[in-house]
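Trainee: To start, I am sharing the structure in question, which I have written as structure tokens.
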């Protein structure tokens, strides 16, 4: 449908390229469930942070030198000599952490409310692909400052592929661009780190396309069918999202201006030295649970399979969950296990941040075992045995009740 306005320029463009009608349908009149809560804002927040990462990344790329002899000093040049370079660098580095916070909350919200169930399986799978590309982009970006932790993290993580039978050594040589982590490696990571965010933008567009095709899920996990169950996205959720952006922005600003290095590692302010190994090599905090899973398996190949399997298993979650009820609000037993999984991920994160010794080895293995057991055993078995609570008849009645207010909402919808 062509959008008609009083502006002749907009009408001229719209007639030839209906971009304004697309934006109007997607951001203004798009029908959304009337019972969204605060946890549904983190998808939009993640989109805003992605734009921040793109802009700051492009500015940083103008001053960064991807060479092993100059990479570290070029970062220091950005921090000290480029106008507001310190702001761009800290915004980019802390923005990556904020991006993962928003995405992890978004993922757990989807798991809690069953947003992965039919007909949104492909929407969920595209989201997992976005998470994978994010992780690859963040890892390559972590290598670029060419500090001690950057160099040794790149060495350790890329070496993991050598555990793959037959082709492992060839894959590692290809990743390195030679026979050790050196200038060719840095150039490859720089190129891919610059390219992959634009791939992310494309995937996000497809993700939104899939979302708008069947509509958004909601905290009740029931379909919005009755009149009044949905409201326009604007102004109701644009205002709500702006409040979410403001609050999240304040948290971001606290880290940006007062704690800019709180989520980094001090060893990365030491230039990379292939002859000096740090006493404890750790990745960024958002990789720590997966790092703990990697170390929990005593076999190198087994650890690699478990680490990648911990992400791959998310692809099949829509088929592992056998319950016909989406939301945990009406699943009293599974809700308990969900919070155990939530705590388990924090335990894995802590174990991953510590040296693998003593009782932490056992804790890491137990936490890893539960992570996989949750998806492979708990999710299907509880779905078969659990007796859910009765579902409400509709969103409007659940939100407003069965009285005159619900009737009035239906009449005015």
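The values are calculated or read from the model by the stated rules, or taken from the named source; none is laboratory data. Just so it is clear, the structure is predicted and the values come from calculations on it, not from any experiment. FYI the Cβ positions are ideal-geometry reconstructions off the backbone, even for glycines, and counts take in every protein chain you see.
Trainee: Please determine whether any residue of the range 65-72 is surrounded by 19 or more Cβ atoms within 10 Å (Cβ to Cβ), in contact (Cβ under 8 Å) with a residue 60 or more places away in the chain, assigned by TED's automatic domain parsing to the domain that holds residue 142 and assigned to a helix (DSSP H, G or I).
Mentor: yes
Trainee: Also, quick follow-up: Pull up the range 208-250, narrow it to residues that are within 30 Å of residue 92 (Cα to Cα) and free of Cβ contacts under 8 Å to residues at least 40 places away in the same chain, then point me to the one that is surrounded by the most Cβ atoms within 10 Å (Cβ to Cβ).
Mentor: Ranking the candidates gives 249 first.
Trainee: Please verify whether the range 110-122 includes one or more residues that are within 13 Å of the chain's Cα centre (by Cα), at pLDDT 95 or above and over 20 Å from residue 307 (Cα atoms).
Mentor: Within the range 110-122 (the criterion being within 13 Å of the chain's Cα centre (by Cα), at pLDDT 95 or above and over 20 Å from residue 307 (Cα atoms)), the answer is yes, since at least one residue qualifies.
Trainee: Looking only at the range 110-141, how many residues end up being in a helix (DSSP H, G or I) and more than 28 Å from residue 193 (Cα to Cα)?
Mentor: Looking only at that region, the number is 4.
Trainee: Please state which of the following conditions residue 141 fails to meet, knowing it meets all the rest: (1) modelled with pLDDT under 95; (2) within 30 Å of residue 61 (Cβ to Cβ); (3) touching a helix residue (DSSP H, G or I) at 6+ places or on another chain (Cβ under 8 Å).
Mentor: (1)
So that you can scan it fast, the table gives a plain yes or no per residue for (1) in contact with a helix residue (DSSP H, G or I) (Cβ under 9 Å, 6 or more places away or on another chain); (2) in contact (Cβ under 8 Å) with a residue 12 or more places away in the chain; (3) not assigned by TED's automatic domain parsing to the domain that holds residue 135:
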site: 321; (1), (2), (3): yes, yes, yes
site: 330; (1), (2), (3): no, yes, yes
site: 345; (1), (2), (3): yes, yes, yes
site: 349; (1), (2), (3): yes, yes, yes
site: 358; (1), (2), (3): no, no, yes
site: 368; (1), (2), (3): yes, yes, yes
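Trainee: Against the condition in contact (Cβ under 8 Å) with a residue 24 or more places away in the chain, more than 19 Å from the chain's Cα centre (by Cα) and either crowded, with 20+ Cβ neighbours inside 10 Å or assigned to a helix (DSSP H, G or I) (or both), how does residue 75 come out, does it pass?
Mentor: For residue 75, the condition - in contact (Cβ under 8 Å) with a residue 24 or more places away in the chain, more than 19 Å from the chain's Cα centre (by Cα) and either crowded, with 20+ Cβ neighbours inside 10 Å or assigned to a helix (DSSP H, G or I) (or both) - is met.
Trainee: While we're here: Tell me which of these residue 228 doesn't satisfy, since it passes every other one: (1) within 30 Å of residue 65 (Cα to Cα); (2) outside any helix (DSSP H, G or I).
Mentor: The single condition residue 228 does not satisfy is (1).
Trainee: For residue 143, state whether it is crowded, with 18+ Cβ neighbours inside 10 Å, farther than 30 Å from residue 122 by Cβ and within 20 Å of the chain's Cα centre (by Cα).
Mentor: Taking the combined requirement at face value, the residue satisfies it.
This table checks each residue for (1) out of contact with any helix residue (DSSP H, G or I) (no Cβ under 7 Å at 6 or more places or on another chain); (2) surrounded by fewer than 18 Cβ atoms within 10 Å (Cβ to Cβ); (3) under 15 Å from residue 153 (Cβ atoms).
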residue	(1), (2), (3)
261	yes, yes, no
272	no, no, yes
278	no, yes, yes
288	no, no, yes
291	no, no, yes
294	no, no, yes
301	no, yes, no
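Trainee: Quick one: would you say residue 87 is within 24 Å of residue 193 (Cα to Cα), crowded, with 21+ Cβ neighbours inside 10 Å and modelled with pLDDT of 95 or more?
Mentor: Taking the combined requirement at face value, the residue does not satisfy it.
Trainee: Within the group 315, 308, 346, which residue is surrounded by fewer than 20 Cβ atoms within 10 Å (Cβ to Cβ) and within 23 Å of residue 120 (Cβ to Cβ)?
Mentor: 315
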